[in-house]
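The values are calculated or read from the model by the stated rules, or taken from the named source; none is laboratory data. Remember, it's a predicted structure, so these values are computed and weren't measured experimentally. We place every Cβ from the backbone using ideal geometry, glycine too, and count neighbours over all the protein chains shown. Areas reflect the complete protein model, heavy atoms only, side chains present, ligands, DNA and RNA absent. Shrake-Rupley method; radii C 1.70, N 1.55, O 1.52, S 1.80 Å.
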Amino acid sequence: MPPTPKTSSLSRRSVLRALGGTAALGALAGCGVPAAYVEPGDRAGADLSARDKRLTWANWPLYIDTDDADESRRPTLEAFEKRTGIAVDYVEEINDNDEFFGKISPALMNRQRTGRDLMVISDWMCARFVRLGWVQEMDRARQPNVTKYLDPQLRSPAFDPGRTFTVPWQSGITGIAYDRRRLGRELRHVSDLWASDLKGRVTLLSGLDEAFALLMQGNGVDITRWTADDFHTVCDQVEKYVHSGQIRRFTGNDYTKDLVSGDVLACQAYSGDVIQLQADNPHIRFLVPEEGAELWAESLMIPNQAAHKANAERLIDYYYDPEVAAELAAWVNYVCPVPAAQDVLASSKDEETAALAEDPLIFPDAAMRGRLAIARDITADERTEFAQRWNAIAGL
């Protein structure tokens, strides 16, 4: 385990772009093309794992531990290779969910190999892959750590009951970040964003899938079963605050720059970003509103026709060993999907590392968990209409 947690001025989510640039692919991803669906019997290819000790893993940049002295080295991944003899081609090629979907969808649609055995994408996009039948069911007999240690709150999202096709890589919370010193008071509710002293100093996330759930929670909506009326009510409210000048702009992850500079005093934010911002400015706070906040995950999946499925399943299970999960959590600073890793961090002889075990943005306590919920995903039938309305408001 590293002696101190690694933080980066550029967080993993800082590479995300706003949703909306791939409308045609989005329609396909929503299952609008029946021919794209792959039946269960047509998903598996010949698994070469027993004789070919390797796999290819597609992930986001800045989403795994690296060595202080040599950032090209990844200690936990190297330990897996040494332990198992499996060579991992780790490719940081995912910069946007829609973009990556477009990159590999032709192969998946045509029942061909993608050249990847494992990939990490956001759960709202995982839902599309699952609906299309483009990912394989995992063999939990090969994954005892996943079975034992996966966070109960992440075990059964609506799009994948029982996590048959997906396993969370890291999790996080979409809440509100604000500068306590500049603002001069605490925030407690989503509606606090609309206070008169915040006019022109508020930003919202531009991506539909990233933004809508928290705003619904501010209206008292149960986001596990929200309706179209709930969505349009939020849009009506946001339109009003855009026209009144309350909302400064819609952002990707560049909201962090506005918050640091003081141009913005409160904004929709991701928990992992705020941990990193707090390292330089302890006055920046992260709020899980009293009405609740969205708990999300970015998950590992094995695409159809993967040539090294068993190797990929073994790698997934390795990262659910609490010792390994703790080492990873100390570097990426998102919500750890392995609660047992908390005790591992707490036992560290390094004070800064041990302190991470008490950070509720990495290991939410019971009170915070009671306010977290996983939103149901936007269905295929809803997506085109909802994206058009939201993107018009956000200026996408």
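Can you pull out every residue in the range 334-373 that is within 20 Å of residue 297 (Cβ to Cβ) and out of contact with any helix residue (DSSP H, G or I) (no Cβ under 8 Å at 6 or more places or on another chain)? Residues satisfying the conditions are 364, 365, 366, 368, 370, 371.
Quick check on my filter: what residues within the range 353-381 are over 16 Å from residue 272 (Cα atoms), without any contact (Cβ under 8 Å) to a residue 60 or more places away in the chain and hydrophobic (A, V, I, L, M, F, W, C)? Scanning the range 353-381 gives 354, 366, 367. Listed by first and then second residue, the pairs with beta-carbon distance under 7 Å, at least 6 apart or on different chains, first residue in the range 113-127 and small (Gly, Ala, Ser), second outside any strand (DSSP E or B), are 122/97; 127/159; 127/377. When the range 243-261 is filtered for residues that are closer than 24 Å to residue 223 by Cβ and within 27 Å of the chain's Cα centre (by Cα), the ones remaining, listed by number, are 247, 250, 251, 252, 253, 255.
A Cβ distance below 7 Å, combined with a sequence gap of six or more or placement on separate chains, defines the contacts here; from the range 148-171, residues that are free of Cβ contacts under 8 Å to residues at least 12 places away in the same chain reach residues that are open to solvent by less than 10 Å² (accessible area, probe 1.4 Å) in the pairs 155/163; 156/163. Residue selection: residue 352 satisfies the criterion of being surrounded by fewer than 22 Cβ atoms within 10 Å (Cβ to Cβ) and not aliphatic (A, V, I, L, M).
Working only within the range 47-69, note down all residues that are open to solvent by less than 60 Å² (accessible area, probe 1.4 Å) and either of a type in the set (Ser, Thr, Tyr) or farther than 20 Å from residue 168 by Cα (or both). Residues satisfying the conditions are 48, 49, 52, 56, 63, 66, 67.
The residue list 209, 160 contains one member that is of a type in the set (Asp, Glu) and in contact with a Ser or Thr (Cβ under 6 Å, 6 or more places away or on another chain), which is 160. Only strands (runs of 3 or more DSSP E) whose full extent lies in the range 116-213 are considered here, and none of them has at least 2 residues that are touching a His at 6+ places or on another chain (Cβ under 9 Å) and open to solvent by 40 Å² or more (accessible area, probe 1.4 Å).
Within the range 376-396, at least one residue is touching a Phe, Trp or Tyr at 6+ places or on another chain (Cβ under 8 Å), open to solvent by 20 Å² or more (accessible area, probe 1.4 Å), on the phi > 0 side of the Ramachandran plot and part of a loop (DSSP other than H, G, I, E, B).
Quick check: is even one residue across the range 73-81 assigned to a helix (DSSP H, G or I), open to solvent by less than 40 Å² (accessible area, probe 1.4 Å) and of a type in the set (D, E, K, R)? The answer is no, given that none of the residues of the range 73-81 is assigned to a helix (DSSP H, G or I), open to solvent by less than 40 Å² (accessible area, probe 1.4 Å) and of a type in the set (D, E, K, R). The set of residues in the range 88-115 that are over 18 Å from the mean Cα position of the chain (by Cα), open to solvent by less than 50 Å² (accessible area, probe 1.4 Å) and not β-branched (Val, Ile, Thr) comprises 90, 102, 105, 107, 108. Hey, among the residues in the range 222-235 that are open to solvent by less than 30 Å² (accessible area, probe 1.4 Å) and of a type in the set (Val, Ile, Thr), which one's farthest from residue 271 (Cα to Cα)? The extreme case among them is 234. Looking only at residues of the range 24-46 that are open to solvent by 60 Å² or more (accessible area, probe 1.4 Å) and assigned to a loop (DSSP other than H, G, I, E, B), we find that the one that is modelled with the lowest pLDDT is 33.
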